[in-house]
1. Conditions first: (1) under 21 Å from Thr152 (Cα atoms); (2) crowded, with 21+ Cβ neighbours inside 10 Å. Leu273 passes all but one, so which condition is the exception?
2. Taking the residues in segment 173-198 that are in contact with an Asp or Glu (Cβ under 7 Å, 6 or more places away or on another chain) and modelled with pLDDT of 95 or more as candidates, determine which candidate is surrounded by the most Cβ atoms within 10 Å (Cβ to Cβ).
3. Regarding Thr286, is this residue touching a Pro at 6+ places or on another chain (Cβ under 9 Å), part of a helix (DSSP H, G or I) and polar (S, T, N, Q)?
4. Can we say Asp135 is surrounded by fewer than 17 Cβ atoms within 10 Å (Cβ to Cβ), more than 20 Å from the chain's Cα centre (by Cα) and not in a loop (DSSP other than H, G, I, E, B)?
5. Among residues belonging to segment 82-107 that are small (Gly, Ala, Ser) and at pLDDT 95 or above, point out the one that is nearest to Phe34 (Cα to Cα).
6. Could you say whether any residue in segment 338-348 is part of a helix (DSSP H, G or I), touching a residue at least 40 places away in the same chain (Cβ under 8 Å) and of a type in the set (Phe, Trp, Tyr)?
7. Just to check your reading of the model, which residue among Ser65, Ser110 is in a loop (DSSP other than H, G, I, E, B) and either aromatic (Phe, Trp, Tyr) or at pLDDT 95 or above (or both)?
8. Looking at this structure, is Phe297 within 23 Å of Ile170 (Cβ to Cβ), among the aromatic types (Phe, Trp, Tyr), assigned by TED's automatic domain parsing to the domain that holds Val317 and crowded, with 20+ Cβ neighbours inside 10 Å?
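The values are calculated or read from the model by the stated rules, or taken from the named source; none is laboratory data. These numbers come from a predicted model, not from an experiment. Cβ atoms come from the backbone with ideal geometry, glycine included; neighbour counts cover every protein chain shown.
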Amino acid sequence: MYHKSKSFIHILLQKKYICKLNLNQNKYIMDNFFEGENLRYAMIGSGSWATALAKLLMNNQERISWYVRNDEMIDEMKKSHHNPYYLPSAKFNPNRIFFSSNIDEIIEKSDVLVFCIPSAFFLPEAQKITKSLNDKFIVSAIKGIIPVDNITVAEYFHQFYDIPFSSIGIVSGPCHAEEVAMERLSYLTLSSKHIEVARSLCDVFACSYIKTVPGTDIYGVEFAAVLKNIYAVAAGVCNALSYGDNFMAVLITNAFHEMRDFLRASHPDTSRLTSTSAYLGDLLVTSYSQFSRNRTFGSMIGKGYSVQSAQLEMNMVAEGYYGTKCIFEINKKYGIDMPIAEAMYKILYEQKYPAYVIKQLSENLQ
């Protein structure tokens, strides 16, 4: 039955009749997709978060494929049994991994594609794809918005590759790559349009130190992941300016309200509980953790670094920088009162003096 369903959905997608599938039919087909035997999984990306998720995939899969764009990096990973540039404490057996710097080759050998490329560099990599994605399941672990288009990764695959939202899953936190590498107890939220598919994704990533939570709010968790990075940058700026714990509690409370109001206006969902870990929890850990690159980036900005200098010294991507501009542009449509996000835009894109901007912000918080 699995092979017939998979063939059927492939034909429908080719003929652009996928829209004729009703909700129950689509749900049934996707359930059978994940019930199929010997599904092949691939990681697309080679940063810290991609490395952590590859480690999780290998807990439950005999083999995976891994797209790494640099051949020299692949050679080093094979020799050293770890990623030499990001998360080197995460060890793996290269004999269980098919590496390639050819993204089409990875796609051809895989059924489930986990995309984990920083949003700022996503388009150049995605534009290399020439193979069809029609019979693939797409998982986005990208915590950012596609620049210029100002759309989420799920929306990008839906618009430009005709992938139905029912064939897309989202990985969200709260979870830092460093603690995954150390195998500290962590939680992931796996979201898809259908709860049965989300539960199947949970089984893919769960292990003794990773608890998984299924969800269906693919729009909310993607935007929440973008927003929490912006607020973590704000937390870092305020920390560098010597604002204390009392102020930080008020800042993050107001950030949570901004997040909730934005999600309600942009993607209403009466079943969404923003007080749960994928929203509030991810906001808290990203704003407070020593491992938060967005908080670190904000702290450097607060100390007087330019954006370029901070990025060069970190040698890692702070998604909050790019997300700030995207949310600023998107919010022109909705007009939500977002003083913290707007303050970060003034500092990062209008080069306003951080101490002055935060002083003004502090008078509007409650």
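1. All conditions pass for Leu273, except number (2).
2. This residue is Ser191.
3. Criteria met by Thr286.
4. Taking the combined requirement at face value, the residue does not satisfy it.
5. So, considering only residues that are small (Gly, Ala, Ser) and at pLDDT 95 or above, the one nearest to Phe34 (Cα to Cα) is Ser100.
6. No, that holds for no residue.
7. Working: Ser65 fails: in a loop (DSSP other than H, G, I, E, B).
Of Ser65, Ser110, the one residue that is in a loop (DSSP other than H, G, I, E, B) and either aromatic (Phe, Trp, Tyr) or at pLDDT 95 or above (or both) is Ser110.
8. On the way: within 23 Å of Ile170 (Cβ to Cβ): no; among the aromatic types (Phe, Trp, Tyr): yes; assigned by TED's automatic domain parsing to the domain that holds Val317: yes; crowded, with 20+ Cβ neighbours inside 10 Å: yes.
When the stated conditions are applied, Phe297 does not pass them.
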